[in-house]
Amino acid sequence: MEKMVSLDLQERIEYWFGQGAAAIGNADAEAAFYLLREQLEAGSLRSAEPDTTQPLGWRVNAWVKRGILLGFRLGSLVEMGDSACLSFVDKATYPARRFAVADGVRVVPGGSSVRSGAHLARSVVMMPPAYVNVGAFVDEGTMVDSHALVGSCAQIGKRVHLSAAAQIGGVLEPVNASPVIIEDDALIGGNTGVYEGTIVRSRAVLAAGTVLTRGTPVYDLVRGEVYKASAETPLIIPSGAVVVPGSRQIPSGKGAEWGLSVATPVIVKYRDEKTELSLALEDLLR
């Protein structure tokens, strides 16, 4: 016990994660996990964080992801909820979060849920129903609109609007992989999907129905470039880009013979004064 207490949190998490099933039921392992969960909720610890020394401007804290996975290993299934009308079964280590007025977070009634181990900063608004999973970080002034999902370890910046039915995928495994990152002041339109570690830079706009994955090429009509993920880097949407759903023709084979095309996102412009005016109404909803 004394040895474990003398180690810093990262060393304790790495040690107990490496113990496999032997960590189950161990009080020291549970104490390390609960401290990690507490710091994740406070926002003092993140699964990924801004780092200007890194090529992508972000650093993945793989040990934090291992700590989250440790929590799943340590937890047993329990019944949770306030009554028969609100009842569910989940790992005891990951109950739903509760918020107080002092937290400064608006969770509007109607079925929204935030899992323990997720951080919601002051002035975040959640419209029902919406869900934020463990390890996610949602920064100040962001709105998580109805039917929106913020997946495990996703990083959402300041003053972001995740519109209705937006899906921000989670990347918990592999632990060294970058999660989905939405930087400050981005607008994510309704029925969009951002998956597999994609980075949406600050002030970018994804129009309704846009889907971004590692296998999605994005055609920039303004700069004449095509953005793709590689083995080393995720798909990255440039700052201020306005992305809409588009299509491109299949150039050969039956696709060409039948006149088919496949969906692909297209950057049609970069944010300007007209774009800013169309977004001004968002501030009134916060």
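The values are calculated or read from the model by the stated rules, or taken from the named source; none is laboratory data. Bear in mind the structure is a predicted one, so any value in this text is a computation, not a measurement. Here the Cβ is made from the backbone with ideal geometry for all residues, glycine too, and neighbour counts use every protein chain on show.
A few remarks follow.
- Within segment 161-192, considering residues that are crowded, with 24+ Cβ neighbours inside 10 Å and in a loop (DSSP other than H, G, I, E, B), the one modelled with the lowest pLDDT: VAL171
- Residue, nearest to VAL108 (Cα to Cα), within segment 129-160, restricted to residues that are under 10 Å from the mean Cα position of the chain (by Cα), free of Cβ contacts under 8 Å to residues at least 40 places away in the same chain and surrounded by 24 or more Cβ atoms within 10 Å (Cβ to Cβ): VAL132
- Options ALA23, ALA84, ALA102, ALA96: the member that is over 24 Å from the mean Cα position of the chain (by Cα) and at pLDDT below 95: ALA84
- Only one of the numbered conditions (1) surrounded by 15 or more Cβ atoms within 10 Å (Cβ to Cβ); (2) of a type in the set (A, V, I, L, M); (3) in a loop (DSSP other than H, G, I, E, B) is not met by ALA231, and that is (1).
- Residue in segment 45-57 that is touching a residue at least 60 places away in the same chain (Cβ under 8 Å) and surrounded by fewer than 13 Cβ atoms within 10 Å (Cβ to Cβ) present: yes
- Test: residue in segment 195-216 that is in contact with a strand residue (DSSP E or B) (Cβ under 7 Å, 6 or more places away or on another chain) and farther than 25 Å from GLN155 by Cα: no
- Of the residues in segment 239-254, at least one is of a type in the set (D, E, K, R), in a strand (DSSP E or B) and over 30 Å from ARG46 (Cβ atoms).
- Picking from residues in segment 193-209 that are among the aliphatic types (A, V, I, L, M) and under 25 Å from GLN54 (Cα atoms), the one that is surrounded by the most Cβ atoms within 10 Å (Cβ to Cβ) is VAL200.
- Selected residue (criterion: nearest to ALA166 (Cα to Cα)) from residues of segment 207-226 that are touching a residue at least 40 places away in the same chain (Cβ under 8 Å) and not in a loop (DSSP other than H, G, I, E, B): VAL211
- Filtered residues of segment 109-121 (kept if surrounded by 14 or more Cβ atoms within 10 Å (Cβ to Cβ) and in a loop (DSSP other than H, G, I, E, B)): SER112, SER116, GLY117, ALA118, ALA121
- Residue within segment 253-264 that is closer than 23 Å to ASP185 by Cβ and either in contact with a Lys or Arg (Cβ under 8 Å, 6 or more places away or on another chain) or buried (at least 17 other Cβ atoms within 10 Å of the Cβ) (or both) present: no
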